[in-house]
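Engineer: Handing you this structure, nothing more for now.
The numbers here are math on the coordinates, done by the rules we state, and not lab data. Because the structure is predicted, anything quoted here is derived from the model rather than measured. Using ideal geometry, Cβ is built from the backbone for each residue, glycine included, and neighbour counts are taken over all protein chains shown.
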Amino acid sequence: MKFGIPVYPGSNCDRDVGWVIEKVLGHEVRYLWHKERDLSGIDCIIVPGGFSYGDYLRAGAMAKLSPVTEAICEFAERGGLVMGICNGFQILLEAGLLPGAMLPNKTLSFICEFVHLKVENNEIPFTHLYEKGEILRIPIAHAEGNYTCTPETLKELEENGQVVVRYCSPEGIVSEEFNPNGSLNNIAGICNKKGNVFGLMPHPERASEAIVGSVDGYRMFESIVRSVLV
Amino acid sequence: MANYSVKIFVTYRKGVLDPQGVAVEKAAHSLGFEKVGNVKVGKYITMNIEAGSPEEVKKEIEEMAKKFLVNPVIEEYTYEIEEVKE
């Protein structure tokens, strides 16, 4: 299958995601410059992390205006699979493909460390190879991952099972103590109602080979392939 | 057509925790400015707009705010318009 990875000025995880898909997973990648609109032949879009447009104005605010983002929004509306990682998640929020917004981390610092995540929803194309309640060890690297939304949206997210992964302790305890950035309800990743758009702050592409310290992120990419090819 | 100078102030909405505001407030208190409260850190954007009337300028600003300048989930904004006299 073919993955599309948009590249904005300032993206810096595009090659990492591409590496995992091509070299580890063994599938095809097409890099999409931010001025491109043609997504023909692409089965899944992964919006990578980085600092698109230098995070000017707000993280993701400029990238949402790019031609490639408009094409991604149309692709998602047609039911195409779209995953956003870190800055990619922020772009999906700004573009309105996912509800809510990001605030600066409660610590006001850039956090780069391994965290633990609890899989809350394993019924979407991005997580179906995980067990529900499984604990993953995947790194985060961001300054603005403090997810927030209106109380009504939060209620909806929780009721619809749209919270896909939550920050937790190594044993799976979800509490403020194990919330690195202050996000509402320890939210690390959410999906849309249909389940074809998924965004998360942690970097599964940095946890997909034993040599980098964890393989817990790999099954997200594998899940996508299995859901498309089966 | 006239030239208008525009000042836009973007701050977090009420009820949205502003981590920078909280840090600045704590710093102020620790320096002895104990009566300081409700500190918010926001953005200040200036620009010039050519338009036929202040109403047109208003429309432009509000459209820009809606499209990208402001994220309504977390932010709110006010603005000031002033005609630039030659």
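Engineer: What is the Cα centroid distance between segment A:91-114 and segment A:148-193, reported in whole angstrom?
Structural biologist: 12
Engineer: In terms of modelled amide H atoms, which long-range or inter-chain residues lie less than 5 Å from the amide H of A:L103?
Structural biologist: Under 5 Å from the amide H of A:L103: A:N146, A:Y147, A:T148.
Engineer: Sticking with this structure for a sec: Using the Kirkwood radius built from alpha carbon pairs, what does the Stokes-Einstein equation give as D for chain B at 37 °C and 0.692 mPa s, in µm² per second?
Structural biologist: 223
Engineer: Report, in debye and to the nearest 20, how large the dipole of chain B comes out about its Cα centre when Lys and Arg carry +1 and Asp and Glu carry -1 on their Cβ.
Structural biologist: It comes to approximately 460 debye.
Engineer: From the phi of every residue in segment B:66-71, what ³J(HN,Hα) in whole Hz does the Karplus formula 6.51 cos²θ - 1.76 cosθ + 1.60 yield, where θ is phi - 60° and glycine or proline is x?
Structural biologist: The phi angles translate into 5, 6, 7, 5, 10, 9 Hz.
Engineer: If you take the charge dipole of the protein assembly as shown about its Cα centre, with +1 on Lys and Arg Cβ and -1 on Asp and Glu Cβ, which of A:M1, B:T78, A:H34 is farthest toward its positive end?
Structural biologist: A:M1
Engineer: Name the lysines eligible as straight-distance cross-link partners of A:K193: C-alpha to C-alpha under 19 Å, and not fewer than 8 places from it in the same chain.
Structural biologist: A:K132, A:K155
Engineer: Under a Cβ-Cβ cut-off of 11 Å, what is the net charge of the residues other than A:Y130 that fall near it, where Lys and Arg count +1 and Asp and Glu count -1?
Structural biologist: Computed value for this residue: -3.
Engineer: Lysines near A:K2 by alpha-carbon distance under 22 Å, same-chain residues fewer than 8 away left out - which ones?
Structural biologist: Of all the lysines, those that pass the test against A:K2 - Cα under 22 Å, at least 8 places apart if same chain - are A:K23, A:K35, A:K194.
Engineer: Taking 7 Å along the Cα-to-C-beta vector as the label spot, tell me the A:E28-A:L108 distance in nanometres, rounded to one decimal.
Structural biologist: That separation, rounded to one decimal, is 5.0 nm.
Engineer: Report the full-extension gain for the segment A:E152 to A:V228: residue separation times 0.36 nm, less the Cα-Cα distance, to one decimal in nm.
Structural biologist: 24.1 nm
Engineer: Sticking with this structure for a sec: Which of A:Y31, A:Y56, A:Y167, B:Y12 has the fewest other C-beta atoms within 10 Å, and how do the rest follow up to the most?
Structural biologist: If I rank by nearby Cβ atoms, fewest first, I get A:Y56, A:Y31, B:Y12, A:Y167.
Engineer: Between A:K194 and B:K67, take the C-beta separation as r, use R0 = 22 Å, and let me know the FRET efficiency to the nearest 0.05.
Structural biologist: For A:K194 and B:K67, the calculated efficiency is 0.30.
Engineer: Among A:R37, A:R166, rank each residue by its count of other Cβ atoms within 10 Å, from fewest to most, as a rough exposure measure.
Structural biologist: The order, fewest Cβ neighbours first, is A:R37, A:R166.
Engineer: Follow-up. Given the options A:P67, A:L103, A:G161, identify the residue whose Cα lies farthest towards the positive end of the charge dipole of the protein assembly as shown (+1 on Cβ of Lys, Arg; -1 on Cβ of Asp, Glu).
Structural biologist: Value: A:G161.
Engineer: Right, another one. In whole Å, what is the distance between the alpha-carbon centres of segment A:27-82 and segment B:1-79?
Structural biologist: Using only Cα atoms, the two centres lie 29 Å from each other.
Engineer: Now a separate question. Could you go through segment A:143-148 in sequence order and give the Karplus-derived ³J(HN,Hα) for each residue, using 6.51 cos²θ - 1.76 cosθ + 1.60 with θ = phi - 60°, rounded to whole Hz, and x for Gly and Pro?
Structural biologist: Each residue's phi maps through the Karplus curve to give 10, 10, x, 7, 5, 9 Hz.
Engineer: Count the lysine pairs in segment B:2-83 whose Cα atoms lie under 26 Å apart, taking only pairs 8 or more positions apart in sequence or on different chains.
Structural biologist: Pairs that pass both the separation and distance tests number 28.
Engineer: With an 8 Å Cα cut-off and a minimum separation of 6 or more residues, compute the relative contact order for chain B in percent.
Structural biologist: 52 percent.
Engineer: Something else now. Relative contact order for chain A: what percent, with Cα pairs under 8 Å and sequence separation of 6 or more?
Structural biologist: 20
Engineer: Further question on the same structure: I'd like the Karplus ³J(HN,Hα) series for segment B:31-41: coefficients 6.51, -1.76, 1.60, θ = phi - 60°, whole numbers in Hz, and an x wherever there's a Gly or Pro.
Structural biologist: With coefficients 6.51, -1.76 and 1.60, one gets 8, x, 8, 6, 7, 6, x, 6, 6, 10, 10 Hz.
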